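Structure first, then comments.
Laboratory data are not the source of any read-out in this text; all were calculated from the coordinates shown. If you're wondering where the values come from, they're calculated on a predicted model, not measured in any experiment.
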Amino acid sequence: MNGSIFNKDLKFMNGLLTSLICFVLGLDFGTSHPFEQLHQKPVRERQKLLREQHVIEEVFKVLK
């Protein structure tokens, strides 16, 4: 891909990060924009699950 970022890649990453935020905050995926709800406390069990499954590490690999 020679360092180019395509619009579809940006949309994919935006959707992925939005889904992760909704999951960690325990939000319903379609009700509101998760970036407006960042004042909510995260669900600790969900944070733990993401760490145990190495999800964040995989997201960073995709971002590289």
| message | Quick one: 3J(HN,Hα) in Hz for the stretch 18-25, Karplus 6.51/-1.76/1.60 with θ = phi - 60°, rounded, Gly and Pro as x. | response | 4, 5, 5, 5, 4, 4, 5, 7
| remark: Computed over the chain, the distribution of all Cα-Cα distances in 10 Å bins, rounded to whole %, is 19, 46, 28, 7
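Can you give me the relative contact order of the stretch 7-63 as a percent, contacts being Cα pairs under 8 Å and 6 or more apart?
26
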